[in-house]
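Notes to accompany the following structure.
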Amino acid sequence: MNSPKLEVKCSVDCCDYWKDSCCNASALEVNPMTGKTPHTSDDTACTTFKPNK
């Protein structure tokens, strides 16, 4: 069984997975910012981020 594909919009164009304003990583991981209990999206971070080479 294949997992559904989800289009993830992204404006971080310095990430290696960024292409045409979307994330092209095979999986995406989002976690709470260090020391915070998330209440809004500002309290979270994409930990899939990989800087461009």
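Counting only protein heavy atoms and a 1.4 Å probe, tell me what percentage of the chain's accessible area is made up of carbon and sulfur.
Heavy-atom surface of the chain belonging to carbon and sulfur, 1.4 Å probe: 52 percent.
Give the total of Lys-Lys pairs in the chain with Cα-Cα distances below 17 Å; include a pair only if its members are 8 or more places apart or on different chains.
Here the count comes out as 5.
What is the sum of charges, Lys and Arg at +1 and Asp and Glu at -1, for the other residues whose Cβ falls under 12 Å from the Cβ of ASP16?
+2
With label points built 7 Å along Cα→Cβ from the Cα atoms of CYS22 and ALA45, find their separation and express it in nm.
Once both label points are built, they end up 2.7 nm from each other.
Amide H of TYR17: which non-local residues (sequence gap of 5 or more, or other chain) have their own amide H closer than 5 Å, using H built in the peptide plane?
Long-range HN contacts for TYR17: LYS50.
What is the gain in length, in nm to one decimal, between LYS36 and CYS14 on full extension, counting 0.36 nm per residue of separation less the C-alpha to C-alpha distance? Kindly include the intermediate steps, with their values, before the conclusion.
Numbers: separation 22, 0.36 × 22 = 7.92 nm, distance 2.52 nm.
Stretched fully, the LYS36-CYS14 segment lengthens by 5.4 nm.
If you place +1 on the Cβ of every Lys and Arg and -1 on the Cβ of every Asp and Glu, how big does the dipole about the Cα centre of the chain come out, in debye to the nearest 20?
In debye, rounded to 20, the chain gives about 140.
Taking only protein heavy atoms and a 1.4 Å probe, what accessible area per residue, in Å², does the chain have with all protein chains in place? Provide the component values of the computation, followed by the final result.
On the way: 4740 Å² over 53 residues.
Averaged over the residues of the chain, the accessible area is 89 Å².
Given Cα pairs under 8 Å that are at least 6 residues apart, what percent is the relative contact order of the chain? Before the final figure, lay out each step's value.
Working: 62 pairs, mean separation 17.3, N = 53.
Relative CO of the chain lands at 33 percent.
The values are calculated or read from the model by the stated rules, or taken from the named source; none is laboratory data. Note that the coordinates shown come from a computational prediction; the quantities given were computed from them, not determined experimentally. We place every Cβ from the backbone using ideal geometry, glycine too, and count neighbours over all the protein chains shown. Surface accessibility is based on the protein's heavy atoms, side chains included, excluding ligands, DNA and RNA. Shrake-Rupley method; radii C 1.70, N 1.55, O 1.52, S 1.80 Å.
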